[in-house]
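Visitor: Quick one: this structure, given as structure tokens, is what I'll be asking you about.
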């Protein structure tokens, strides 16, 4: 081979190698920069407000949400099916809350009929009233709906799960997976003790991070202790999921602690002398920058399969007439939703954040203690419990 031909081959080989490296780098970068699906909790009466519920789905979709979490009890089968179809047509999926308003599936025997009331439509369709057959039918029926993402099976604290419920919870989740091995089963968790207790039971533990109270957490440089703690919390949650051979998931803050007196008092900011309005004025909804930073800390220190936000009604406003909480309206609601949508659709953050040198926080409770002092344990009595109270209040009003 003469010198010129050899030179051409060398140049061609170098070019081919460069193109291969660029292609590999591009593929790796695209993979690293892929955002996980994000979703939000909703509370809309499917039997009486379907048109409004579907319109709210459209708003969620436009804001970048891919998953909606909504209860599966208390509604007709036609309404559940219509809502699932509407979500599916938008390219969204539904995660069904199936724990019930209490008592809960894992607290009764298979022959108990305690769940036939809340799940009356499914019980009627099934022709069964005992919990065992009814749970099996409920999961089978929901699994066939278009766009079903999975099941929010329980919140490890707010659905009154105690240490003695381990075997009941394991059996409950196993029954769900037996009927539907394909779709995701999630349990929400507020701290490491709950996570370690239940990590091996569901497909995913949804680690709840709700750090915003009275003071701004921005800029990041002026709040390194808090953001370092959040980064460590996310890293610990991912490590726990990896050790159990599970996927991680996170539930992030899209509400203000002051929208009701119970929450405001529970974190020690409001008192019994406060009115709803005065308590509301003392606490704040997280800014878009805080929500984006919160999401990015999770993405930089974990690799979640799903990120959920609590909640749509705490951000965009409620669909009904509940008076337990103060919900945003008008310009306030529009600003909150625009900010959250911007955070949801923000680009994937840069290189993983190093947590070395940052303060190590062993559990979510330490973060709660950081912002709420001695009220940290009570701080966990939060939104999902309020969700059930609202449902009970609404049922009383309808009656």
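The values are calculated or read from the model by the stated rules, or taken from the named source; none is laboratory data. Because the structure is a prediction, the values reported are computed rather than measured. Here the Cβ is made from the backbone with ideal geometry for all residues, glycine too, and neighbour counts use every protein chain on show.
Visitor: Just for the range 323-339: of the residues that are buried (at least 20 other Cβ atoms within 10 Å of the Cβ) and in contact with a helix residue (DSSP H, G or I) (Cβ under 6 Å, 6 or more places away or on another chain), which one is farthest from residue 269 (Cα to Cα)?
Guide: Top of the filtered list is 339.
Visitor: Does any residue in the range 317-332 that is on the phi > 0 side of the Ramachandran plot come within less than 9 Å, Cβ to Cβ, of a residue that is surrounded by 19 or more Cβ atoms within 10 Å (Cβ to Cβ) and not in a helix (DSSP H, G or I) six or more places away or on a different chain, and which pairs are these?
Guide: 317/327; 317/328
Visitor: Looking at the range 96-129, which of its residues are more than 22 Å from residue 150 (Cα to Cα) and under 24 Å from the mean Cα position of the chain (by Cα)?
Guide: Result: no residue meets the conditions.
Visitor: Given (1) within 27 Å of residue 237 (Cβ to Cβ); (2) crowded, with 22+ Cβ neighbours inside 10 Å; (3) modelled with pLDDT of 95 or more, identify the lone condition not met by residue 263.
Guide: Tallying (1) within 27 Å of residue 237 (Cβ to Cβ); (2) crowded, with 22+ Cβ neighbours inside 10 Å; (3) modelled with pLDDT of 95 or more, residue 263 fails exactly one: (3).
Visitor: Whether any residue in the range 117-124 is out of contact with any helix residue (DSSP H, G or I) (no Cβ under 6 Å at 6 or more places or on another chain), part of a loop (DSSP other than H, G, I, E, B) and either at pLDDT below 95 or surrounded by fewer than 19 Cβ atoms within 10 Å (Cβ to Cβ) (or both) is what I want to check.
Guide: yes
Visitor: A further question follows. Name the helices (runs of 4 or more DSSP H) wholly within the range 290-399 that hold at least 1 residues that are modelled with pLDDT under 95 and more than 20 Å from residue 249 (Cα to Cα)?
Guide: Fully inside the range 290-399 and qualifying: 364-372, 383-398.
Visitor: Out of 254, 249, 237, I need the residue that is touching a strand residue (DSSP E or B) at 6+ places or on another chain (Cβ under 6 Å), surrounded by 24 or more Cβ atoms within 10 Å (Cβ to Cβ) and over 19 Å from residue 40 (Cβ atoms). Which one?
Guide: Unique residue meeting the criteria: 237.
Visitor: Take the range 137-151 and flag every residue that is in a strand (DSSP E or B) and free of Cβ contacts under 8 Å to residues at least 12 places away in the same chain. Break it down into steps so the answer makes sense when it comes.
Guide: We begin by selecting, within the range 137-151, every residue in a strand (DSSP E or B); these are 148-151.
None - no residue of the range 137-151 is in a strand (DSSP E or B) and free of Cβ contacts under 8 Å to residues at least 12 places away in the same chain, so the list stays empty.
Visitor: Among the listed residues 217, 134, which satisfies the condition of being modelled with pLDDT of 95 or more, over 22 Å from residue 65 (Cβ atoms) and assigned to a helix (DSSP H, G or I)? Break it down into steps so the answer makes sense when it comes.
Guide: Details: 217 fails: assigned to a helix (DSSP H, G or I).
The unique qualifying residue is 134.
Visitor: Search the range 178-188 for residues being touching a strand residue (DSSP E or B) at 6+ places or on another chain (Cβ under 6 Å) and either free of Cβ contacts under 8 Å to residues at least 40 places away in the same chain or at positive phi (or both), and hand back the single one that is surrounded by the most Cβ atoms within 10 Å (Cβ to Cβ).
Guide: 187
Visitor: Let me ask you something else. Looking at residue 196, is it out of contact with any strand residue (DSSP E or B) (no Cβ under 7 Å at 6 or more places or on another chain), in a helix (DSSP H, G or I) and surrounded by 15 or more Cβ atoms within 10 Å (Cβ to Cβ)?
Guide: yes
Visitor: Additional query: Identify the residue in the range 152-168 that is assigned to a helix (DSSP H, G or I) and surrounded by fewer than 19 Cβ atoms within 10 Å (Cβ to Cβ) and, among all such residues, is modelled with the highest pLDDT.
Guide: Going through the qualifying residues, I end up with 168.
Visitor: OK, next. Just give me the residues in the range 132-143 being touching a helix residue (DSSP H, G or I) at 6+ places or on another chain (Cβ under 6 Å) and buried (at least 17 other Cβ atoms within 10 Å of the Cβ), in sequence order.
Guide: Selection gives 134, 135, 136, 137, 138, 139.
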